[in-house]
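Written below as structure tokens is the structure these notes are about.
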Amino acid sequence: MFKKILVANRGEIAVRIIRTCREMGIKTVAVYSEADREALHVKMADEAVCIGAPPPGRSYLNIPNIISAAEMKGAEAIHPGYGFLAENPYFAEICERQKITFIGPPASAIEDMGAKARARELMIKAGVPVVPGSPGLLTREREIAEIAEAIGYPVIIKASAGGGGRGMRIALNSEELERSVRTARAEAEAAFGDGGIYLEKYLLEPRHVEIQILADKFGNAVYLGERDCSIQRRHQKLIEETPCPVLTQQLREEMGATAVRAAQAVNYVGAGTVEFLLDRLGNYYFIEMNTRIQVEHPVTEMVTGIDLVAEMIKIAAGEPLGFKQEDIKPNGVALECRINAEDTNFNFRPCPGVIKNYLPPGGFGVRVDSGIYPGYSIPPYYDSLIAKLITWGKNRHEVIERMKRALREFRIEGVETTIPFLLSIMENPYFVTGSVDTHFVQRCLEEE
Ligand code: ADP
């Protein structure tokens with residue numbers, strides 16, 4: 001096992017990783033930007049190294065500085081968390097070249113799944129159902145119109161390099177197509193430096209259902225159930241839960257097996273998530289694979305009792321999986337609410353600032369993963385996620401009541417947060433009955 005790990009991230013996920021390392025008896029090295037000197041992950045790690053100026057490009061994305069920090073402190077492995085360098089195959093490769101273990105999949109698997117158009121092609125070959133659309137990247141304009149016509153409108157044009165809900169454009173008819181293609185390309189070029197696009201049928205009322213998988217270096221792979229992430233705003237998740245309220249055991253097993261097959265098709269190692277859209281008829285379609293730990297991983301931990309970060313570390317250290325598919329027996333229901341420092345009255349605009357008062361909820365079945373504390377100043381340079389509130393319950397009714405109780409208990413003063421909005425969702429009758437799809441939040445906001 002590793003003696004020292006460098007955590008190449010910030011905020012709640014850096015704290016999350018440090019906690020597991022401590023339980024495993026592994027020393028940690030935090031890295032931080034000049035804006036994060038007072039950040040919680042810096043205070044919690046055994047050692048910390050400043051890696052540059054506040055803009056991510058100069059610190060959390062600065063590969064030479066991060067590698068030097070690892071070498072200087074003698075860290076044998078790097079956990080990238082999510083975002084920043086987590087899905088950068090080049091970074092994974094450099095780590096290996098410097099004899100530092102990258103706690104994540106091999107660079108080749110990141111690459112295969114990272115270009116979404118290529119992932120689609122690979123999945124088609126592996127017999128994984130994908131949303132009807134173009135086989136791979138789109139090049140000729142004529143061909144785009146032909147494919148769109150053939151699969152039928154509406155269609156969604158996606159950036160192959162896209163992520164985080166960006167680089168997607170919907171076209172309702174042939175008149176809109178040309179413009180949507182043009183803007184999608186331009187956006188992709190600007191945001192990702194790669195104008196590659198592909199096309200999918202735009203499913204009307206899908207649920208977003210994803211499968212968590214774990215694979216070791218010896219070819220063993222398992223799925224750890226699903227997460228329903230249909231509560232999204234602008235294609236970004238706000239609330240996640242497991243199990244998905246509408247999934248039958250048979251469909252769960254089928255999707256689980258499909259997710260494992262998807263992972264094996266790219267020789268996956270580590271923790272990963274295969275994302276699907278599920279329609280009302282129970283058809284499911286691959287949309288992408290996230291080759292990292294995800295924000296919403298705690299709900300899976302709450303029902304399976306498996307620490308996913310610990311599993312990632314053990315897999316990276318060359319240990320075989322300690323359990324088989326039949327050993328994984330999820331228990332109860334878990335919910336996660338993402339608490340962002342955002343003002344929901346002003347179109348969810350980010351609200352950096354000083355946390356004047358902070359009192360997280362507690363009690364049975366409540367978990368808080370956060371990177372803030374009283375007096376902490378949220379810098380304006382990064383993501384607005386400040387805490388994740390996770391609750392567990394025997395059933396869906398219990399977990400929702402517990403979440404409401406915990407959201408009401410949560411005191412964060414000094415900045416606006418999404419807590420009131422999350423509470424309103426917990427009280428929404430459609431949410432309570434589990435009849436939601438990916439447009440649920442949009443509809444709620446339109447009704448207001
Ligand atoms: P990203 O990598 O940016 O997160 P995804 O491909 O994972 O993009 O899609 C994010 C969300 O966008 C999905 O959860 C879903 O709500 C919506 N979406 C993506 N593809 C489609 C589609 N073909 N039809 C309908 N909605 C879609």
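The values are calculated or read from the model by the stated rules, or taken from the named source; none is laboratory data. On a predicted model such as this, the values are computed, not experimentally measured, just so you know. All Cβ positions, glycine included, derive from the backbone under ideal geometry; neighbour counts span all protein chains shown. Note: areas computed on protein heavy atoms with side chains; ligands, DNA, RNA excluded. Shrake-Rupley method; radii C 1.70, N 1.55, O 1.52, S 1.80 Å.
If the segment from Arg19 to Glu398 were pulled out straight at 0.36 nm per residue, it would be longer than the present Cα-Cα gap by 133.7 nm. Largest first, the three principal axis extents of the alpha carbons in the chain are 58, 50, 46 Å in whole numbers.
By a 1.4 Å probe calculation restricted to protein chains, Phe192 has an accessible surface near 60 Å², given to the nearest 10. For the residue pairs Lys27/Lys314; Lys43/Lys356; Lys217/Lys237; Lys27/Lys99; Lys125/Lys329; Lys4/Lys324, alpha carbon separations beyond 22 Å are given by Lys217/Lys237; Lys125/Lys329; Lys4/Lys324. Centroid-to-centroid, using Cα positions, the range 204-247 and the range 396-448 are 19 Å apart. Here's the picture: charge each Lys and Arg Cβ at +1 and each Asp and Glu Cβ at -1 in the range 12-156, and of Asn88, Met113, Met24 the one pushed furthest to the positive end of that dipole is Met24. Computed over the Cα atoms of the range 4-103, the ratio of the radius of gyration to the Kirkwood radius (Rg/Rh) comes to 0.92. Each principal axis of the range 207-447 carries a Cα extent, and these read 50, 42, 33 Å when sorted largest first.
Figure note: Phe364, Phe2 ranked by solvent-accessible area, largest first, 1.4 Å probe, ligands and nucleic acids not counted: Phe364, Phe2.
Couplings 3J(HN,Hα) for the range 252-259, derived from phi with the Karplus relation 6.51 cos²θ - 1.76 cosθ + 1.60 (θ = phi - 60°), are 4, 5, 5, 5, x, 5, 5, 5 Hz, where x marks Gly and Pro.
Largest to smallest in accessible area, the residues Met403, Met72, Met168 fall in the order Met72, Met168, Met403 (1.4 Å probe, all protein chains included). Note on the range 132-201: Cα-Cα pairs beyond 13 Å make up 56% of the total pair count. When the chain is treated as a Gaussian network with alpha carbon springs shorter than 10 Å, the biggest mean-square fluctuation among Glu143, Glu319, Glu189 belongs to Glu143.
Accessible surface computed residue by residue for the range 4-103, with neighbouring protein chains in place and a 1.4 Å probe, gives 38 Å² per residue.
Computed over the alpha-carbon atoms, the range 227-334 gives an Rg to Rh ratio of 0.94, Rh here being the Kirkwood radius from the mean inverse distance. Across the range 183-195, computed HN-Hα scalar couplings (Karplus, 6.51 cos²θ - 1.76 cosθ + 1.60, θ = phi - 60°) run 5, 4, 4, 4, 5, 5, 4, 5, 7, 10, x, 8, x Hz from first to last residue, x flagging Gly and Pro. If you run the Gaussian network model on the chain, springs between alpha carbon atoms under 10 Å, then out of Arg338, Arg97, Arg37 the most flexible one is Arg97. Estimated at the nearest 10 Å², the accessible area of Arg411 is 110 Å² with a 1.4 Å probe.
Basic side chains Lys and Arg get +1 at the Cβ, acidic Asp and Glu get -1 at the Cβ, and with that the dipole of the chain about its Cα centre reaches some 760 debye. Each of Ser180, Ser108 has its accessible area taken with a 1.4 Å probe; listed largest first, they run Ser108, Ser180. Label the range 324-448 by shape, choosing from rounded, prolate and oblate, from the square roots a ≥ b ≥ c of the eigenvalues of the Cα gyration tensor; if a/c is under 1.5 it is rounded, and otherwise prolate applies when a/b is larger than b/c, oblate when it is not. Verdict is oblate for the range 324-448. Have a look at Leu224, Val309, Pro245 and report the one farthest towards the positive end of the charge dipole of the chain, computed about the Cα centre with Cβ charges (Lys/Arg +1, Asp/Glu -1). Comparing the listed Cα positions along the dipole, Val309 ranks first.
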